[in-house]
Amino acid sequence: MGRSFISIETLKRHIDRLSHYKINTFHWHLTEDLAWRLQSDVVPRLTDSSVTVRFPGQYYTKQQARDLVDYCKQRHVLLIPEIDMPGHSAAFRRATGYDMQSSEGKALVKQLLREVCDLFDVPYLHIGTDEVAFNDSLFVPEMATVVRDCGKEVIGWLPGARLDKKMIRQLWMSTVKPAAGQPVIDSRNLYLNHFSTLADLISVYQRTICDTTWGSSERLGAIACVWNDRKQPNETEIERLNGFYPIMLAVAERSWRGGGLPETEAGTVIQNQPDFAEFEDRLLTHKRQYFNSLEFPYVRQSTINWRISEPLANQGKLEAVFPPETENLDLQGIEATGVQFICVTFGGQLSCGRT
């Protein structure tokens, strides 16, 4: 949510829908380089429009946060708030003038952590620690101690989570495997910000969660991430372009039923797999019955024979045009059996044509 803003009303709609499919955790990423989205009495300026790069003036009040915690509890959904540190913290620097790893910054962060722990009546707090260079090796252990002193367990992304052996690790790098004796949450290749719903859904469906068939006290489950890296004009576009609902149902399917392939073997092409076709039938039935008024950008693809081309380089010329962009495409009947398509990406745009 730090990179964009989604209203409390929309979040509640998401939680209502997903709780029906036993998605029982909502990871609320509240801070980012672009904005600090949670009201603070310790540093009120954190949510000021002058330090907010994207959607200024839009943040969550403390009362809204308390209300959402209660709303989730009523639906058996665990809310996990995240205050990302010491990376992804440019909003903090703009508001305070301090780097989080400076002595002044650390003192403020500790106060903020106590404020957040007091605000959220939940058992966990996520402290980020990803994508950052550590110039203070004590930063993560000190912050973890503050959270534990407040009576909560600590979750962190790699690499920072390696600096505290008791921390629950959330994995995002595909090269990292769940370590024996270490509780982990799996988010490897579960990022839904590619604007490629068909491929992302298959990838999620094929993936074994935590590289194991069954969950345990060490293999805690999976969290799929909708980061909204690129600014969208409204919440509807965020749902549509990230394929939020159909992919979330694929996450529920794989998480609760187990199975799938190891993370390194899962691909994005399925051929002649009856189990996926059966899942797709159920998915499209639910689309018609329960999501007909919502954004559910998914069409049948188990009957389509895909052939993926290599990239076509534009040599830096944004105006360059290639086949199949020049073809007059008729994509009606995309669900028909036996149709072949070729797809190519141009600067992040997906272009498809019949073969």
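The values are calculated or read from the model by the stated rules, or taken from the named source; none is laboratory data. Note that the structure is predicted; figures quoted are calculated from it, not measured. Note that each Cβ is placed from the backbone with ideal geometry, even for glycine, and that neighbours are counted across all protein chains shown. Surface accessibility is based on the protein's heavy atoms, side chains included, excluding ligands, DNA and RNA. Shrake-Rupley method; radii C 1.70, N 1.55, O 1.52, S 1.80 Å.
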Run the dipole for the chain about the Cα centre, Lys and Arg Cβ at +1, Asp and Glu Cβ at -1, nothing else charged, and hand back the magnitude in debye, nearest 20.
460
A student applying the Cα gyration tensor rule (rounded when a/c is under 1.5; otherwise prolate if a/b is larger than b/c, oblate if not) would label the chain prolate
About the Cα centre, and with charges only on the beta carbon of Lys, Arg (+1) and Asp, Glu (-1), how big is the dipole of segment 192-287? Nearest 20 debye, please.
160
May I ask you to compute the full-extension gain from residue 303 to residue 131, defined as 0.36 nm times their residue separation minus their alpha-carbon distance, rounded to one decimal in nm?
57.9 nm
Computed magnitude of the charge dipole of segment 20-103 (debye, nearest 20; Cβ of K, R +1, Cβ of D, E -1)
240
Förster radius 51 Å - calculated FRET efficiency between residue 312 and residue 103, Cβ distance, rounded to 0.05:
0.45
With -39,500 (n - 2.57) per DSSP H segment of 4 or more residues and division by the full residue count of the chain, the 222 nm estimate, nearest 500 deg cm²/dmol, is -9500 deg cm²/dmol
Put +1 on the Cβ of each Lys and Arg and -1 on the Cβ of each Asp and Glu in segment 2-144; which of 57, 138, 21 then has its Cα farthest toward the positive end of the dipole?
21
Taking 7 Å along the Cα-to-C-beta vector as the label spot, tell me the residue 63-residue 273 distance in nanometres, rounded to one decimal.
4.9
Which of the trypsin sites (Lys or Arg not before Pro) across segment 134-167 are loop residues per DSSP, with 14 or fewer other Cβ within 10 Å?
165, 166
Top to bottom by accessible area (1.4 Å), largest first, where do 98, 205 land?
98, 205
Within segment 122-178, chymotrypsin sites (Phe, Trp or Tyr not before Pro) in DSSP loop having at most 15 other beta-carbon neighbours inside 10 Å:
134
Sort 76, 27 from largest to smallest accessible area, using a 1.4 Å probe on the heavy atoms of the protein chains.
76, 27
Loop trypsin sites (Lys or Arg not before Pro), segment 43-143 (other Cβ atoms within 10 Å of the site Cβ: 10 or fewer; DSSP)
none
Rounded to one decimal in nm, the spacing of the 7 Å Cα→Cβ label points at residue 261 and residue 49 is 5.1
Under a crude label model (7 Å from the Cα following the beta-carbon direction), how far is residue 217 from residue 145 in nanometres?
2.6
Classify segment 23-164 as rounded, prolate or oblate, taking a ≥ b ≥ c as the square roots of the eigenvalues of its Cα gyration tensor: rounded when a/c is under 1.5, otherwise prolate if a/b is larger than b/c and oblate if not.
oblate
Radius, Kirkwood style, for segment 89-162 when every pair of distinct Cα atoms is counted (Å)
12.7
